[in-house]
1. What about VAL362, is it in contact with a helix residue (DSSP H, G or I) (Cβ under 9 Å, 6 or more places away or on another chain) and either within 18 Å of TYR22 (Cβ to Cβ) or in the same structural domain as SER21 (by TED's automatic domain parsing) (or both)?
2. Here are some conditions: (1) outside any loop (DSSP other than H, G, I, E, B); (2) outside the structural domain of HIS150 (by TED's automatic domain parsing); (3) without any contact (Cβ under 8 Å) to a residue 40 or more places away in the chain. ALA53 meets all but one. Which one does it not meet?
3. Considering only the stretch 132-160, state which residues are surrounded by 22 or more Cβ atoms within 10 Å (Cβ to Cβ) and part of a loop (DSSP other than H, G, I, E, B).
4. Can you tell me which residues in the stretch 253-272 are more than 21 Å from the chain's Cα centre (by Cα) and within 22 Å of ASP180 (Cα to Cα)?
5. Check CYS104 against each of (1) touching a helix residue (DSSP H, G or I) at 6+ places or on another chain (Cβ under 7 Å); (2) under 14 Å from GLY136 (Cα atoms) and name the one condition it does not meet.
6. Does the stretch 29-48 contain any residue that is β-branched (Val, Ile, Thr), assigned to a loop (DSSP other than H, G, I, E, B) and in the same structural domain as ALA147 (by TED's automatic domain parsing)?
7. Among residues belonging to the stretch 58-96 that are touching a strand residue (DSSP E or B) at 6+ places or on another chain (Cβ under 7 Å), assigned to a strand (DSSP E or B) and of a type in the set (A, V, I, L, M), point out the one that is surrounded by the most Cβ atoms within 10 Å (Cβ to Cβ).
8. Identify all residues within the stretch 15-28 that are in a strand (DSSP E or B) and touching a residue at least 24 places away in the same chain (Cβ under 8 Å); write none if there are none.
Amino acid sequence: MAPTIPADMDAWILKDPGELSYVKKPVPMPGPSEVLIKIDAVAICATDLEVIAHGAPAQINGGPPFNQNFTPGHEFMGTIVKLGDCVDEYKIGDRVAVEIHAGCMRCEKCRAGMYTSCLNYGNNYGDVNKGHRANGYTTDGAFTQYAVNHINTLVKIPNTVSDEVGTLIVTAGTAIYGLDVLGGLIAGQSIVITGAGPIGLMAVAVAKTLGASPIIMSDVADDRLKIAVALGADVIINPNKTPLIEAVKAHTSGFGANYAFECSGAKGVLNNLLHSCRRGARICLGAFSSDKEETDIKFIVSNNLYLFGIRGEGKSAVKRAASLVITGAIDPSIIHTHTFDLEELPKALDVAKNKTDGAIKVIIKVH
């Protein structure tokens, strides 16, 4: 029997910068190749804090997301309650983790599988509707009770995976995508990861499953470094106590790391990271930085270094992350630290922003 779907739902909308309002919104209906999802849990990402405070990278109706009846939030899981036309890949009652991005599937990047780099980002409104969607960025997000998503963004998850862990599959997917663009880790090769936030910690766990060695994690918070060890880090470095370059080279026969993944966004980290790598190394930037960074271009060129940037969880990385979680190869539950109800979102955001009581990943349960 199909579940009863109400006409309206509780939702948080973004008013002026930093201002959220708890309102009633109509429950959206799925179109062709879409499903309606009853949201069960949604995680708070640092980018949610950025969107709520400053707007970018969210883009609604061709402009900033403020005062446009826009609901933020993008890392969620839920249960399918209604199928759109032509959907036979899923059924009502399926539990799913939800990828953030659905590209337009008409631009050259989407056609090449790079839908997180869709050339029609934000062009999904009015007379310029090109079909692009990104939860909590260019379309309504998940700080609410129901959401519509294209079937291309869904990954089935079994009942053995909790709601909370289901929301973290996207986080692990971003870590996998970062390692993808580096060319994929080869067992026995070294990686240094800077920033023990959710993505950095998941990168440690994924690198461990791929046989990277040694896995070196750097962060200024000793409590987070302990979690990195639990997830598989071989070496931990607090750069406030030990210089990063010196420490990394000491554990890589003096040559530096084969790979690097920058997940902190902190000022000055990038140049230290570059100098922690050996010639020919590959470096991925996975964090938004609030400051402009001076970079040692001469060192990059003379040492044949490769620099990459990623956005989101492309190349179907969420599906692979789900497989690692379901099989027990990685356990994201260790980064889940706090849980709140939907109506407590402002308090939850404050805890996430200020890292209150050691907050790493704050999750909202939706009833």
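The values are calculated or read from the model by the stated rules, or taken from the named source; none is laboratory data. Only a predicted model underlies this, so the values are computations on that prediction, with no experimental measurement involved. Neighbour counts run over all protein chains shown; Cβ positions are idealised from the backbone, glycine included.
1. Answer is yes for this residue.
2. With respect to (1) outside any loop (DSSP other than H, G, I, E, B); (2) outside the structural domain of HIS150 (by TED's automatic domain parsing); (3) without any contact (Cβ under 8 Å) to a residue 40 or more places away in the chain, ALA53 is out only on (2).
3. Correct list: HIS132, GLY136, TYR137, THR138, ASP140, GLY141, ALA142, PHE143.
4. GLY256, ALA257, ASN258
5. (2)
6. Checking the stretch 29-48: at least one residue is β-branched (Val, Ile, Thr), assigned to a loop (DSSP other than H, G, I, E, B) and in the same structural domain as ALA147 (by TED's automatic domain parsing).
7. MET77
8. LEU20, TYR22, LYS25
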